[in-house]
Amino acid sequence: MSTLCYNCGCILGTLDQFCADCNDSLEEKAKAAMAFATRVIAKPCPECHTGAAPAAEQCGECGYDFVNSEPRPLVYARWPTRLAAALIDLALVGLPVAAMLVVVDRPAVVIWFAAMFPLLYCLGFWTLDGATPGKSAFGLRVVSSTGEPVPPLQGFIRYTGYLVSAAAFFVGYLMALSNPERRGFHDLWAGTVVVKSKLRQ
């Protein structure tokens, strides 16, 4: 049975460890692919929200015991921390969009990019890592109201809640000030909460 080289795409034997054409290490690439698959599809750790192998008894990141431990209660993120994280994400999203406005002279392309890039940014980080770079900087995670990782559909619903919250003069964001779980409209709409990562408590 043959396989393909991750780097150049040539056909290799099943037992080959290096590509004869580009000398790329197949073992390292395979380990990276397996680590990515484990992170995305494996069972989530309720303590640090990273992925673990389905048969794992302990989380390789924080040491959580899947067999004998009970997860600690969720610790909801405070409003000032969430605001600081949002400002970082706003900058990371806004700078590429602003660059497109300056560099690209086709309005349709700029509008498409300005609409899609924030969606893909949020949805990608929420579903793959549980947090955007801004939230990660402060040890925050977006999870479901039961503490589970956010699947793509739930993340998309949360993003639509962002748009509604902004359109309503940002009232939806201010709702996080008025409830003990500190949930804005987008969190209530999608059934999510923003919590502190157990590694940072």
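Since every read-out is calculated from the coordinates, none of them should be taken as a lab result. If you're wondering where the values come from, they're calculated on a predicted model, not measured in any experiment. Heads up, the Cβs are rebuilt from the backbone with ideal geometry, glycines too, and the neighbour counts pull from every protein chain shown.
Per-residue 3J(HN,Hα) values for the range 140-150, derived from phi via the Karplus relation 6.51 cos²θ - 1.76 cosθ + 1.60 with θ = phi - 60°, read 9, 9, 9, 9, 5, 5, 9, x, 7, x, 8 Hz in sequence order (x marks Gly and Pro). Here the relative contact order of the range 68-201, from alpha carbon pairs under 8 Å that lie six or more residues apart, stands at 28 percent. For the range 79-200, the normalised intensity computed at q = 0.09 Å⁻¹ comes to -0.25 (log10 of I(q)/I(0), Debye sum over alpha carbons, equal scatterers, no solvent). Here the extension length gained between residue 111 and residue 145 equals 8.9 nm, from 0.36 nm per residue of separation less the Cα-Cα distance. Most tightly packed first, judged by the mean number of other beta-carbon atoms within 10 Å of their residues, the peptides 142-148, 93-99 read 142-148, 93-99.
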